[in-house]
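The values are calculated or read from the model by the stated rules, or taken from the named source; none is laboratory data. Here the structure is a predicted model, which means the values were calculated and not measured. Glycine also receives a Cβ, built like all others from the backbone with ideal geometry; neighbour counts cover every protein chain displayed.
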Amino acid sequence: MNTINNHTSQKPPVVASELLEKYSSAITLSDMEIFIYPDLLYSLVLANIMSPVVWQWRDDPWFAKIDTMNPYRRIVRLKQFIMDHYDFNLDLDTWGLTHKDTELDRFKDVMDPEIIAESNALFGYTGDRYYFDMNIRKHFGLDKYDSDMIPYWKTETVEAMDAFCYRDGYRNGAGECVSLSTLYAAALFVVCKIPLEDIFLMATPLHSQNFVDVKEGLVTNNRRIVTKNMWFNGTELSARAQRALRNEQVTMVAHCSGNIHVVYPDVSIDPEAYQRFSDKLVTYLKVDLNQEILCNFLREHSSLQKCFQISQMRHGKKRWIAAEKVYSYEHGSSFKASDNTREKLLDEIDSYDYSPEPLEGRIDLERFEAFFKKHPKVNLDKQKMRSALVAEFNCPQQNACELIDKLREFVEISPRLPEYEEKSVVDVPPIVLTQEMDRHQVIDALTAIRQQNPVVDLGFYALRDLRSCDWGPFVKAAMERNPVAVVATENLSDDAVIEQLSAMENASIYSEGRLAQPDEVWNFQRGDGLERAFCLADIWRARYADDEIVLDVQSGIARLSFGGRQVEWSTAKGLEHHLLL
């Protein structure tokens, strides 16, 4: 049986009242909670690393020969596994609604409400011009809520992600961007054996991605990975992957050595690690301009294709074809207009699409072959080079200078990262885990430093390991931030609620000693008796705020007393506790 070692022979320390909000946030892990408490981002990575689920992946036949592969091939293998087993989910109804004022009041002593509003889409954030133009609230479906009601964006553990297969309409597991980025980070270490030191998590107000220091670097983006070559290939998938880094301030960067947040004055990430990350990311986000990159640029900026034509020798005669026609043929072909397979793509196009004469008012892309041979290093920041390139772009339909400005933006993104200078360094014990460790050794190593490293301690709370954690944060989260079960049962009588919970499948999505929150129980329609007792308590508190609710867990029985009633359900969690909810 895969269980978590019980490292504590004594009662775990009680979380101080001033830390209760933060520690309870490690249970619910909403996107806003992670923005307010940056330690939580890496704590979820650690929770997934300690989870038996990710370690079980190593036994999957798909990864049978992974140790014989180089690091990049391992990551590609992992990517396909995640693509096959998880969907991207941003259903705003999944975890229910809350109120703006409620959330702002929770954090008013931690962060200025105006800063929250400027940095979170739920509170009015529109980002830069790109997001303003696309109406970000409508894009994410937020326009259907009034100015006060907002949805939770909760981040899922790997267990909760897997459990989506139990929901109607889902075949696989699922999760949103933070869930997928933290799952990737954990699996990169556990399955691919990529050192934690080479994995950096990046969060912006609207997205979460990872930068992995392998080869030229790669970025994880939701379910996919993006290499440097892919980043600049001009496809729609790459353009989507670029949105956050191209248009937003990076809010925080999390690493095994610590984190840095754009708002807070303290920083814990190792300065050398952060400098390495910054340098590698900047290099990753910049590419030399050549013929292939120019053609990739035209793939992304399809409106500019009308300025160009492509020529080919066929049967001893030169013929010309509109660039947009060639690019349209890419969709049904394995060949590309931008690389050394262009001739094969052109051969696939019917003869009647060609013209025997150059198309008037269009630039032949062939002329740039000679230009790039003459100028192998094109620096668009230098006026002389810009002028030389302007002379080549003589399209009457497009201002050459504007076109070059767009090209300059395409070949280089300058990431806006949190500034390390002038921040106060906070020393914490580094998280040192090696690829040779098994799961229990990992947990032992983390247990040894959890009292000195807040991120590690929070990792055990994100794991829901109630044998080694104070129950207070879990109870607070369960009773205050689980609206789905409450709303879903509002038309049921008290007896009907109890009956429906009793009839649920008696199975937990978590391993022994770990508990699902009430909304996880309801969304996935299953739960251990103790988990269903918490779900019932959550619903009852919403209906009868003044009733006393007592939970007693002893000898494999979870007994809930409430409103003059009592229910008993069996529990296999191996936990014993008595508390007033």
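Quick look at the values:
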item: Subset tally (residues that are surrounded by fewer than 21 Cβ atoms within 10 Å (Cβ to Cβ) and either in contact with an Asp or Glu (Cβ under 8 Å, 6 or more places away or on another chain) or assigned to a strand (DSSP E or B) (or both)) for the stretch 306-335; result: 15
item: Residue satisfying condition, being in contact with a Gly (Cβ under 8 Å, 6 or more places away or on another chain), assigned to a helix (DSSP H, G or I) and at pLDDT 75 or above, within set Y42, Y72; result: Y42
item: Any chance R246 is assigned to a helix (DSSP H, G or I), farther than 25 Å from I116 by Cβ and touching an Asp or Glu at 6+ places or on another chain (Cβ under 9 Å); result: no
item: The stretch 227-249, subset under 14 Å from the mean Cα position of the chain (by Cα) and surrounded by 21 or more Cβ atoms within 10 Å (Cβ to Cβ), residue modelled with the lowest pLDDT; result: A244
item: Any hit, the stretch 42-56, residues being aromatic (F, W, Y), assigned by TED's automatic domain parsing to the domain that holds V178 and in contact with a Leu (Cβ under 8 Å, 6 or more places away or on another chain); result: yes
item: Subset of the stretch 463-485 (residues that are more than 19 Å from L575 (Cα to Cα) and within 24 Å of the chain's Cα centre (by Cα)); result: R481, N482, P483, V484
item: Residue satisfying condition, being aromatic (F, W, Y) and part of a loop (DSSP other than H, G, I, E, B), within set W95, W55; result: W95
item: In the stretch 340-349, the residues that are surrounded by 14 or more Cβ atoms within 10 Å (Cβ to Cβ) and touching an Asp or Glu at 6+ places or on another chain (Cβ under 9 Å); result: L345
item: Contacts under 7 angstrom Cβ, first residue in the stretch 440-466 being farther than 19 Å from I34 by Cα, partner surrounded by fewer than 24 Cβ atoms within 10 Å (Cβ to Cβ) and of a type in the set (S, T, N, Q), 6 or more apart; result: H440/N5; I443/N5
item: Residue match in the stretch 250-273 (condition: touching a Phe, Trp or Tyr at 6+ places or on another chain (Cβ under 6 Å) and surrounded by fewer than 22 Cβ atoms within 10 Å (Cβ to Cβ)); result: no
item: Tally, over the stretch 420-458, of residues that are closer than 16 Å to V190 by Cα and either in a helix (DSSP H, G or I) or touching a Lys or Arg at 6+ places or on another chain (Cβ under 6 Å) (or both); result: 9
item: Odd one out for S424, checked against (1) at pLDDT below 95; (2) surrounded by 18 or more Cβ atoms within 10 Å (Cβ to Cβ); result: (2)
item: The stretch 260-282: number of residues that are more than 20 Å from P430 (Cα to Cα), touching a residue at least 60 places away in the same chain (Cβ under 8 Å) and either of a type in the set (S, T, N, Q) or part of a helix (DSSP H, G or I) (or both); result: 3
item: Of all residues making up the stretch 405-419, the number that are in a strand (DSSP E or B) and over 17 Å from T251 (Cβ atoms); result: 1
item: Elements of type strands (runs of 3 or more DSSP E) contained in the stretch 150-217, each with 2 or more residues being touching a strand residue (DSSP E or B) at 6+ places or on another chain (Cβ under 7 Å) and over 21 Å from H261 (Cα atoms); result: 173-175
item: Qualifying position, being at pLDDT 85 or above and either over 30 Å from V267 (Cα atoms) or touching a Pro at 6+ places or on another chain (Cβ under 8 Å) (or both), among L380, L389, L365, L403; result: L365
item: Where K215 falls short, out of the listed (1) at pLDDT 95 or above; (2) within 30 Å of A64 (Cβ to Cβ); result: (1)
item: Some residue of the stretch 372-384 being in contact (Cβ under 8 Å) with a residue 12 or more places away in the chain and in contact with a Ser or Thr (Cβ under 6 Å, 6 or more places away or on another chain); result: no
item: Residue match in the stretch 63-75 (condition: in the same structural domain as D457 (by TED's automatic domain parsing), out of contact with any helix residue (DSSP H, G or I) (no Cβ under 6 Å at 6 or more places or on another chain) and among the β-branched types (V, I, T)); result: yes
item: Tabulated pairs, the stretch 143-160, first assigned by TED's automatic domain parsing to the domain that holds L188, second at pLDDT below 75 and not aromatic (F, W, Y), C-beta under 6 angstrom, 6+ apart or interchain; result: D143/R137; I150/L122
item: Subset of the stretch 463-503 [outside any helix (DSSP H, G or I) and under 22 Å from H577 (Cα atoms)]; result: L463, R464, D465, L466, R467, S468, C469, D470, R481, N482
item: Matching residues in the stretch 416-466 - criterion: being within 18 Å of T182 (Cα to Cα) and touching a strand residue (DSSP E or B) at 6+ places or on another chain (Cβ under 8 Å); result: V455, L463, R464
item: Qualifying positions in the stretch 419-431 - touching a helix residue (DSSP H, G or I) at 6+ places or on another chain (Cβ under 9 Å), in contact (Cβ under 8 Å) with a residue 40 or more places away in the chain and not hydroxyl-bearing (S, T, Y); result: V425, V428, P430, I431
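Residues are listed down the side, and each one gets a yes or a no for (1) buried (at least 22 other Cβ atoms within 10 Å of the Cβ); (2) under 30 Å from K215 (Cβ atoms):
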residue	(1), (2)
P12	no, no
K22	no, no
F35	yes, no
Q56	no, yes
I66	no, yes
P71	no, yes
T98	no, no
D109	no, no
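This table checks each residue for (1) of a type in the set (S, T, N, Q); (2) without any contact (Cβ under 8 Å) to a residue 12 or more places away in the chain.
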| site | (1), (2) |
| --- | --- |
| V15 | no, no |
| Y23 | no, no |
| T28 | yes, no |
| E33 | no, yes |
| D39 | no, no |
| M50 | no, no |
| Q56 | yes, no |
| W62 | no, no |
